[in-house]
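This report concerns only the one structure given below.
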Amino acid sequence: MLTHILTLHITNMSYSITQYTSVGHVARATLEASCFQTKAILDAMEKDSGKKLTALAVDGGMSNSDLCMQAQADIIQIPVDRPKMRETTCLGAAIAAGFAVGVWKSFDELKQINTEGRTLFEPKNKEKSQKNYQQWNRAVQMCKGWTVEEEENVEVKSKSGTEEVSGTKATN
């Protein structure tokens, strides 16, 4: 399993690599690591907002991979909705230009844009996905202890003035 960590000082770690590990295994682990990170972010969003997500709309380069999108649906256990036309940055620029020159007057007129040909990836393998996510989280926690941390005083500027607080700084 290749593990990408959500910290500034550790970028990735690989374990369980044997002489039989292929480039395909590493590529798949990289895709899955991205999906695990997305789940961690979505879980935090749900916790902060108090709202349960019912689907994830995706676009951009990684959404071109059916394997990655199915893995994402499995890991987050909600449907992943991918449009046929995935370059939505360009679409957004075109929509903004259309509003500027009066092609559209309200957002209601855009409800049918980019809705045809969507692919919905439904979650599967709930038990296996939960086990893999727990294993990834355990690996992330284990990796966090691999750097030396030292105590440092940090100056923080706030609206009410400057104050000194004690914090930690990771060093390699």
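No lab work stands behind these numbers, since they all come straight from the coordinates. Please read all numbers here as calculations on a predicted model, not as lab measurements. No Cβ is skipped: glycine too gets one built from the backbone with ideal geometry, and neighbour counts run over all protein chains shown.
List of remarks:
- Highest-first packing order for the peptide set 135-141, 77-83 is 77-83, 135-141, based on the mean count of other beta carbon atoms within 10 Å.
- Pair Leu53, Ala94: separation of 7 Å Cα→Cβ label points (nm): 2.7
- Pairs of Cα atoms farther than 24 Å apart, the stretch 8-141, %: 44
- Length gained on full extension, Lys126 to Ser14: 37.9 nm, using 0.36 nm per residue less the C-alpha separation.
- Label separation (Glu46 vs Thr30): 2.9 nm, computed from points 7 Å beyond Cα along the C-beta direction.
- Label-zone membership for the stretch 108-135, site Gln77, 7 angstrom Cα→C-beta point, backbone N under 14 Å: 123-135
- One equal scatterer on each Cα of the stretch 18-64, no solvent, Debye formula: the resulting log10 I(q)/I(0) at q = 0.31 Å⁻¹ is -1.14.
- For the stretch 79-150: rounded, prolate or oblate by the Cα gyration tensor [a/c cutoff 1.5]: oblate
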